[in-house]
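Novice: I am attaching a structure below and will ask some questions about it afterwards.
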Amino acid sequence: MESEATFVAPEGVYTVIEEHKPSVLQTHAAATSPLSFPTRVSVITVKYPVKDKDKGGGGQSLAQLLGGNNYSKKDKEKTKEKEKEKEDGTSLSSNDTPPDEQQDDYTAPASPTAHHSHSSTAPANTIFSHHAQNSSSAGKNKKPMTPVKWSKPRSNMKTTNSTFITRNQHAEGFPRSLKDRDGDVTFFFYNQVKTVLWVEAGAKAKEPLSRTMFSAYPTCHSINQFTASPEHLDIIIGFHTGDLIWLDPISSRYHRLNKGGCVTSSACTAVRWVPASASLFLVSHADGTIVVYDRDHEDGTFVPQEPIGTGGIGGDKWDPVDSIFVTMPPWHPAARHGDTDVSDKSDKSIRNPVSHWRVAPKGKAVVDFVFSPDVKYVGAISEDGCLRVIDALAEQLVDCYSSYFGAFTCIAWSPDGRFILTGGQDDLLTIFSPWEQRVVARCQGHSSFVSCVSFDETRCDGRTYRFGSVGEDNKLILWDFSSGALHRPKNHLHSHSHRQSLMGTYSNTSLAFRSRSGGGPMSSSALYLPPSLPPSSPPPLLFDHSTANESHEGDDYGLTHSQRYHPAPSRNEIAVVQPVLIKSLYSTSPSSSNTSTVTATPGVHTPTTATTTTTSSSSSTTPTTPDPLPTAIAFLPKHLLTSTKNGVVKLWVRPLSFKAAGANNRAGR
């Protein structure tokens, strides 16, 4: 049963039902391109109105016989009244065409329970304060129930004379074909060379819904989950030139930001919309910075300051593991004493960027970042081998964690906010607990750099967490992490020195300290925290970067101590998670099996040798073409998605038993 298109997990069989490969032209363009950027995938599930299956039928249904037609007439009358109210009471935007309305509801992942105390201490006038109030008052970041007019990009791709967008192709019947959709429909966007493609998951269409070609290389993109509707999608695309495109693929309209690198010419490495915000988004760059933008404002004249520690100006020497360096433009809320609301589109004095953060030293790119579920914190990883937890409301660094070896390459935040998962050049997945300020466990299974990690939200219940990873070793690995053993790492009960070293790294300004000292309800995670060090305690000694982490070699900041900095613990201090399943995505030999099933019990285990049954063996024959490197993994409602560096995207259908279990869980609630 095992094959390249099938594998068996504990919950059932995963099978490839759809595969998207680059065209001949795309393959040739990739082979002759002087630059190469991996394929990234962005996913969105849009709720289309459920259609009346009895409409237009030959006979009357039971609902019609019981008076269903009367109710439908009333609904039509109410709809017409609402449309009249919208036409009379809602003004159109200043764009060429009327903006779309928001109709569907979206529920964001549950926010963590330990954030109550810190919310009361956040500064009042910040770039996210307006959106934080909206998200907290809405409850779980729900979309507004009343119709809202979202603004649209200004320029039309069909009539533009811009040389930045070279071509835009649509499938036959587009966009009328979108109106035929019914219920929840999942779309995904991905980049190939200089093209961004839009595909409907599970439709098995021969051609994508659209192809948009640019003169620059797309490197990252993000879809706004908050404003998504059947008539409107907001996508931000970042390029290797630093340029940004705000795109609505349904109306074929766009707007260009950071044009020509007027704010920064450094390549974009990642982009994320601020959850529960219609306009704010963050972009990380290869120069070690994160920049905050507002889609509704134009670019302004802005020159960021550089800290004195990097050859810049002003203040004491900057320590990258102790703080982030924030440059506030003149229109920043704090610079104008709270008089500025960055969400006010009518204020023409507000420009981009909204704020500028130097996170890592120059030359050390910010590889990726992710928001916490409650939108108050940002977890960012960079090439200097550090994971930084940033307070987005206060624009301050909270904690900084070092990798075991090399740089971090990917990051994900658990749906309940309790854990941060990273993959790195040390071939490990590392599970951090920001509230406990420690490494909870490491996951061993990859034999090369980890490319992407992702949580399966439907299989994360607060006690057991399912996540997946892909790496440059051509492996897809599924992991089950049990929270029952979170606080029992190896030698924890027998190593007094280990406990002291952990206590020594705790910062009085950390998330854990804030959650315990803020006066609010204490989270379950805080109950396991060791006592904080008294103010008179000496700072802990940091480990030698020259021998323990080559990524810090030559950095003088690694030789100083920081209350926010947490060095990587040794291997014998941290518990190890064994994989549930190891799948080789692309086999070089058709006669070899490519799945390894691990018989060890899922959860946290000490680093002992697990019993495995592996039938694949390395072959001495060199393949004629190199294997495509997996670069992305995502868990969709009905599918598992994987992609490779050269743009091969696969959809694996999820087991039927798993869908039934998910339906039963929802029914029980």
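The values are calculated or read from the model by the stated rules, or taken from the named source; none is laboratory data. Keep in mind that what you see is a predicted model, and the values were worked out from it rather than measured. Neighbour counts are summed over all protein chains in view; Cβ atoms, including those assigned to glycine, are modelled from backbone coordinates with ideal geometry. These area figures cover heavy atoms from the full protein model, side chains too; ligands, DNA and RNA do not enter into them. Shrake-Rupley method; radii C 1.70, N 1.55, O 1.52, S 1.80 Å.
Novice: As a quick test, which of the pairs Lys149/Lys650; Lys204/Lys475; Lys21/Lys376; Lys21/Lys158; Lys206/Lys259 have an alpha carbon distance above 32 angstrom in this structure?
Specialist: Flagged as over cut-off: Lys149/Lys650; Lys21/Lys376; Lys206/Lys259.
Novice: To continue, here is another question. Using a 1.4 Å probe and ignoring any ligands, DNA or RNA, find the accessible area of Asp374 and quote it in Å² to the nearest 10.
Specialist: Rounded to the nearest 10, that gives 20 Å².
Novice: Still on this structure, I have one more. Add +1 for every Lys or Arg and -1 for every Asp or Glu among the other residues with Cβ under 15 Å from the Cβ of Pro304, and state the total.
Specialist: -1
Novice: Additional query: Round to the nearest 10 and report in Å² the accessible area of Arg167, as given by a 1.4 Å probe over the protein chains' heavy atoms.
Specialist: 140
Novice: Taking all protein chains in place and a 1.4 Å probe, what share, in percent, of the accessible surface of region 248-310 do carbon and sulfur account for?
Specialist: 50
Novice: Next question, about the same structure. Can you sort Thr32, Thr430, Thr159 by 1.4 Å-probe accessible area, starting with the largest?
Specialist: So the residues, ranked largest to smallest area, are Thr159, Thr32, Thr430.
Novice: Something else: Which ³J(HN,Hα) values, rounded to whole Hz and listed in residue order, are derived for region 277-284 from phi using the Karplus coefficients 6.51, -1.76 and 1.60 in 6.51 cos²θ - 1.76 cosθ + 1.60 with θ = phi - 60°, glycine and proline given as x?
Specialist: So the Karplus estimates, Gly and Pro as x, are 10, 8, 10, 7, 8, 10, 10, 9 Hz.
Novice: Once amide H atoms are built 1.01 Å from N in the peptide plane, which residues 5 or more positions from Ser382, or in another chain, come under 5 Å H to H?
Specialist: Val367, Phe408
Novice: Probe radius 1.4 Å, ligands and nucleic acids left out: which of Cys262, Cys386 has the largest accessible area, and how do the rest follow? Can you show the working numbers first?
Specialist: Working: Cys262 60, Cys386 0 Å².
The ordering from most to least exposed comes out as Cys262, Cys386.
Novice: Gap in Å between the Cα centre of region 424-450 and the Cα centre of region 230-279?
Specialist: 31
Novice: Using θ = phi - 60° and the Karplus curve 6.51 cos²θ - 1.76 cosθ + 1.60, what whole-Hz ³J(HN,Hα) does each residue of region 352-363 get, with Gly and Pro shown as x?
Specialist: Values, residue by residue: 9, x, 6, 7, 9, 10, 8, 9, 10, x, 4, x Hz.
Novice: Sorting Lys179, Lys47 by accessible area (1.4 Å probe), largest first, what list results?
Specialist: The ranking, largest first, comes out as Lys179, Lys47.
Novice: Pull up all non-local amide H partners of Val326: gap of 5 or more, or a different chain, and H-to-H distance under 5 Å with H placed in the peptide plane.
Specialist: Those lying under 5 Å, H to H, from Val326 are Arg358.
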